[in-house]
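Everything below concerns the one structure shown next.
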Amino acid sequence: MIEQEKLLIEAAQHDPRRFAELYEANFERVYAFIVRRVQNRTQAEDLTSEVFHHALANLSRFEWRGVPFAVWLYRIAANAIADAWRRSSNQNHDSAGVDDLDSSSWQQIERRASLFRLVDSLPEDQRSVIIQRFVEQKSIRDIAKDFGRSEGAIKQLQFRALENLRARAGGRHE
């Protein structure tokens, strides 16, 4: 696995079009890392994009040291978050913990990335309800209007989606 990642990095350093493979392999981890810290979906998406843009622009300077590529991306993300907080003049954020990359943080990031993959694997209607309900924080009533269905039907769809996620996750509870 690590050897394969090293080969991907070397290939992307020689041909930037190969960076897409690194992006796909690490997107959910980086997004989960960022969204946990900024707790704003739009800002997390912008920062995630910034991280990968920076990584691609500086890939030629990346040196393989046997550490997962994601660690380098987390460092870029931590710096991007800190920069965003500094740029934010109307909010006073404490940047403590931005650089918190211990193994427990990695485990939490991996769990979130796994959850994102599980949600993404749901049937379209279930995925849409879960995203609208828990990410966009829409009410059942608003989702029902969007779908053109009754509130009861949306509650049932949400229930089936959550049951589907539990089954796919092997019944783990966090």
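Overview of results
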quantity: Which of Ile131, Ala167, Phe147, positive extreme of dipole for the stretch 121-174 (C-beta unit charges); calculated: Ala167
quantity: Rg to Rh, two decimals, where the stretch 1-66 supplies the alpha carbon set and Rh follows Kirkwood; calculated: 1.01
quantity: At R0 = 35 Å, FRET efficiency that the Cβ-Cβ distance of Ala167 and Gln13 yields, to 0.05; calculated: 0.30
quantity: Length gained when the stretch Arg75-Arg149 is fully extended (0.36 nm per residue, less Cα-Cα span); calculated: 22.2 nm
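We did not get these values from a lab; they are worked out from the coordinates using the rules stated. Since the model is a prediction, treat every value here as computed from it, not as a measurement. For neighbour counting, all protein chains shown are included, and Cβ atoms are generated from backbone atoms with ideal geometry for every residue, glycine included.
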